[in-house]
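Please treat every number below as a calculation from the coordinates, not as lab data. Source: prediction; values computed, not measured. Note that we place each Cβ from the backbone using ideal geometry, even for glycine, and neighbour counts take in every protein chain shown.
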Amino acid sequence: MSARARILGWVLLVVLLALAGTLLATRTVLHNQLDQRLDTEISHESAKLRAYLASPDSRQPDVDALLHRYLERNLPEQHETFFSIVGGAAARRSAVEPPARLDTDRALVADLARATTPGYGTVETAVGSVRYGVLPVSVEGDPRRGALVVAEFVDHAAGQIDDVLGVMAAMSGAALVLAGLVGWLVAGRILAPVREVRLAAEQIGESDLTRRIDVRGSDDVAALGRTFNTMLDRLERAFADQREFIDDAGHELRTPITIVRGHLELMGDDPDDLAVTRRLVQDELGRVQRMVDDLLVLAKSGRPDFVHPGAVDLADLTVETLAKARPLAERVWRLDGVAETTVRADGQRLVQALLQLVANAVRHTTAEQEIAVGSAVTATSVRLWVRDTGEGVPPDSRTRIFERFKRGSNADGDDGAGLGLPIVAAIAAAHGGSVRLDSVPGRGATFTIEFPLTRVSTVEALR
Ligand SMILES: Nc1ncnc2c1ncn2[C@@H]1O[C@H](COP(=O)(O)OP(=O)(O)OP(=O)(O)O)[C@@H](O)[C@H]1O
Ligand SMILES: [Mg+2]
């Protein structure tokens, strides 16, 4: 069953139960009111009879005449009938023909004739139940006992109630059908975007991420559509990035492979030639190895386990980096300063980033120029930097160099792949920070990794 039919089914069931409950309650209330009204009616008749008995008009020779006179003067209302009993038998009845005759029921009449005080009762007749009141009367000098019987035809009066309930039921039925129709249409309109989301999701394979949902309005369903579209945007971007990454990597790896193949094809038998070729091939393979390693680091950088934060003593980290850097080349090595603080970070990744910066600095300086490593903290952030007094980064390359496989205009002739700075940027980003470049051409460059400071408790730092 569709969601539309299920929702509507439940709504209609609830409405139906509510309507049925209302009808039942109304019926009960109306019937109670009717019972009360009929009893009031009977006591009203009894009051009228008492008033008649007190009036001069009631001076009649016998009981029969007394009740006859009364019946002549008092006509019953609708659903009502009066008759008199004299001497144990039905005597006269009011002029209007009642729906059913009670005065012909001998047993009932005999029973009623025995009453000495006013009484009430109910009997079942061919036209349903009848509520009656019996009011005994007597006349001085007449030994016969008389009584006035006032009968109210309950079911006849109730017929009106049933008419009202019938109309109510018919109207409720019509309202239910109308509500069903309107509900069906409204549910269809509300659920249309959900159906669209479902169809779109079905159609979207890995290959077609371009489809979007047509979002209208600003309700919850529209929000669902928008969220879905945003998710698709992200997916599409991620897939495009991945494809571009693989394209770039394939392209870059092709160059060293071509070089190696070319040399191997042209290789002669001359031992000197062989030695040169072997060195070249080893160089190229070393380059490929480095590139593959760097690519693997970059490929991993989007994953949550790229960094493993722990307690890192910044002073130790800075000094250790400088110690690892020194043997790389003969330069004027310096320690710019150390932050005597323990912070939460991934120490190994930070050293890896700093060594990438150091390798760059080495590549763009000469033996007598300076390379410095330093660290510092402010109230909110950590800074780690590598500074050199080399040629600096040309202004036209400053943003480009942070992109994958992009190298600066000063990189002609070196064998870099353009993966170092993207790795540094990825490590900074994984710490919630970024890399900043300050450079004056001809005077050097400073690359600073900056990320938010998270202090570590003393206990954790000692572990
Ligand atoms: N300290 C620096 N001084 C001057 N230019 C720099 C410096 N560091 C980086 N660059 C410029 O930025 C470019 C990109 O650096 P990156 O580390 O990303 O790649 P690479 O060093 O060329 O290659 P790889 O690091 O993959 O071996 C370099 O080619 C160079 O032009
Ligand atoms: Mg580099």
Gly337 long-range amide H proximity, modeled H, under 5 Å: Ser375
Quick one: which of 410-416, 396-402, 443-449 comes out on top by average Cβ neighbours within 10 Å, and what's the full order, highest first? 443-449, 396-402, 410-416
Hydrodynamic radius of the stretch 220-300 per Kirkwood, over alpha carbon pairs, in Å: 16.0 Å
Cα-based radius of gyration of the stretch 168-259 once divided by 2.2 N^0.38 Å, which approximates compact folds: 1.96
Can you work out ³J(HN,Hα) from phi for every residue in the stretch 420-430, in order, using Karplus 6.51 cos²θ - 1.76 cosθ + 1.60 and θ = phi - 60°, giving whole Hz and x for Gly and Pro? x, 5, x, 5, 4, 4, 5, 5, 4, 5, 5
In what order do Thr342, Thr28, Thr227 fall by count of nearby beta-carbon atoms within 10 Å, going from fewest to most? Thr28, Thr227, Thr342
Show me, bin by bin at 5 Å from 0, the whole-percent P(r) of the stretch 1-96 based on Cα pairs. 2, 11, 13, 14, 11, 7, 6, 5, 5, 5, 5, 4, 4, 3, 2, 1, 0, 0
Listed by chain and number, the lysines with an alpha carbon less than 21 angstrom from that of Lys406, same-chain partners under 8 positions apart left out, are Lys300
Between Rg and the Kirkwood Rh of the stretch 306-462, both from Cα atoms, what is the Rg to Rh ratio? 0.97
Considering the options Leu437, Leu12, Ile259, tell which one lies farthest towards the positive end of the dipole of the chain, charges being +1 on Lys and Arg and -1 on Asp and Glu at the Cβ, about the Cα centre. Leu12
Cα point-scatterer Debye curve for the stretch 69-185, base-10 log of I(q)/I(0) at q = 0.14, 0.17, 0.22 Å⁻¹: -0.63, -0.83, -1.20
Nearest-ten-degree value, helix 347-363 long axis tilted from longest Cα axis of the chain: 40 degrees
If amide H atoms are built 1.01 Å from N in the plane of the peptide, which residues on other chains or at least 5 residues away come under 5 Å of the amide H of Val137? Gly146, Ala147, Leu148
In nm², the average projected area of the convex hull spanned by the Cα atoms of the stretch 145-302 is 20.2 nm²
Using only the alpha-carbon atoms of the chain, report the extent along each of the three principal axes, biggest first, to the nearest angstrom. 163, 55, 37
With -39,500 (n - 2.57) per DSSP H segment of 4 or more residues and division by the full residue count of the chain, the 222 nm estimate, nearest 500 deg cm²/dmol, is -18500 deg cm²/dmol
Please report how far the C-alpha centroid of the stretch 89-158 lies from that of the stretch 211-268, rounded to the nearest whole angstrom. 100 Å
Residues whose modelled amide H sits under 5 Å from the amide H of Gly392, counting only those 5 or more places away in sequence or on another chain, are Gly442, Gly444, Ala445
Here the stretch 45-51 yields Karplus 3J(HN,Hα) values (6.51, -1.76, 1.60; θ = phi - 60°; whole Hz; Gly and Pro given as x) of 4, 5, 5, 5, 5, 4, 4
Tally the DSSP beta bridges in the chain and give the antiparallel ones as a percent, rounded to 5. 90 percent
When all alpha-carbon pairs of the stretch 3-160 are counted, what percent fall beyond 19 Å? 59 percent
Where a Cα-Cα gap under 24 Å defines reach, which lysines qualify for Lys324, not counting those fewer than 8 residues away within the same chain? none
